[in-house]
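Q: Once you've had a glance at the structure underneath, I'll fire off some questions.
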């Protein structure tokens with residue numbers, strides 16, 4: 001079976017944040033949650049200043065602590081090496097959130113996309129309410145992507161956790177994760193670690209790499225090459 005992973009080339013990454021923006025659109029991610037995110041920091045003193053931008057996401061670890069911590073098997077590994085979550089099994093205990101050393105699992109404290117359920121007009125008789133706009137588009141909210149619901153809840157309910165799935169719904173259709181497809185500089189490469197001829201294996205054999213939190217012993221499967 002495949003063992004999917006991702007390589008991020010930091011020399012190609014432009015720090016534009018397109019990965020984070022398009023992830024929200026593809027996966028209907030609520031406000032305040034970031035399946036795709038980034039670390040950025042500035043070091044040094046002028047004129048010797050160094051800016052670092054490191055895109056982040058769930059590492060889909062081989063030895064995933066969130067999977068071990070889940071008492072009901074909602075967080076699990078699939079046959080392709082992805083760390084996925086079953087919302088129907090989730091009891092909202094947040095054990096996975098506590099066990100996750102990367103901070104990439106989010107808990108839905110409130111009903112997601114609440115604005116689009118609101119019937120109040122910002123300006124009475126002057127603007128539409130959020131619910132009127134959602135009803136007009138016959139969707140939970142105007143930019144809703146129904147493809148997400150092929151394998152996971154299109155909109156996850158209140159009281160459960162959610163996180164990056166590496167766009168497993170796209171993978172099943174033979175596509176790459178949307179953050180990979182939408183990266184304007186081609187900094188992200190997705191592929192199978194079990195295929196010696198895959199592009200990611202070629203890159204890992206060509207360049208040295210690092211992984212976030214390797215000291216956690218989780219065996220993360222997001223590799224960063226060509227660090228500045």
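The values are calculated or read from the model by the stated rules, or taken from the named source; none is laboratory data. Not measured: the values here are computed from a predicted model. Cβ placement follows ideal geometry from the backbone for every residue including glycine, while neighbour counts extend to all protein chains displayed.
Residue-wise test of (1) modelled with pLDDT of 95 or more; (2) farther than 29 Å from residue 39 by Cβ; (3) surrounded by 15 or more Cβ atoms within 10 Å (Cβ to Cβ); (4) within 17 Å of the chain's Cα centre (by Cα).
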{"site": "89", "(1), (2), (3), (4)": "yes, yes, no, no"}
{"site": "95", "(1), (2), (3), (4)": "yes, no, yes, no"}
{"site": "99", "(1), (2), (3), (4)": "yes, no, yes, no"}
{"site": "103", "(1), (2), (3), (4)": "yes, no, no, yes"}
{"site": "107", "(1), (2), (3), (4)": "yes, no, yes, yes"}
{"site": "123", "(1), (2), (3), (4)": "no, yes, no, no"}
{"site": "130", "(1), (2), (3), (4)": "no, yes, yes, no"}
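Q: Kindly check whether there is at least one residue in the range 183-196 that is farther than 22 Å from residue 222 by Cβ and part of a loop (DSSP other than H, G, I, E, B).
A: No.
Q: Next question. How many residues, within the range 152-181, are crowded, with 16+ Cβ neighbours inside 10 Å and part of a helix (DSSP H, G or I)?
A: Within the range 152-181, residues that are crowded, with 16+ Cβ neighbours inside 10 Å and part of a helix (DSSP H, G or I) number 7.
Q: So which of 97, 104 is in a helix (DSSP H, G or I) and touching a residue at least 60 places away in the same chain (Cβ under 8 Å)?
A: Every option except 97 fails the conditions.
Q: For the range 198-205, does any single residue satisfy the condition of being part of a loop (DSSP other than H, G, I, E, B) and either touching a residue at least 40 places away in the same chain (Cβ under 8 Å) or within 16 Å of residue 38 (Cβ to Cβ) (or both)?
A: For the range 198-205, residues part of a loop (DSSP other than H, G, I, E, B) and either touching a residue at least 40 places away in the same chain (Cβ under 8 Å) or within 16 Å of residue 38 (Cβ to Cβ) (or both): absent.
Q: When the range 126-151 is examined, which residues are found to be in contact (Cβ under 8 Å) with a residue 60 or more places away in the chain and either within 15 Å of residue 105 (Cα to Cα) or outside any loop (DSSP other than H, G, I, E, B) (or both)?
A: 147, 148
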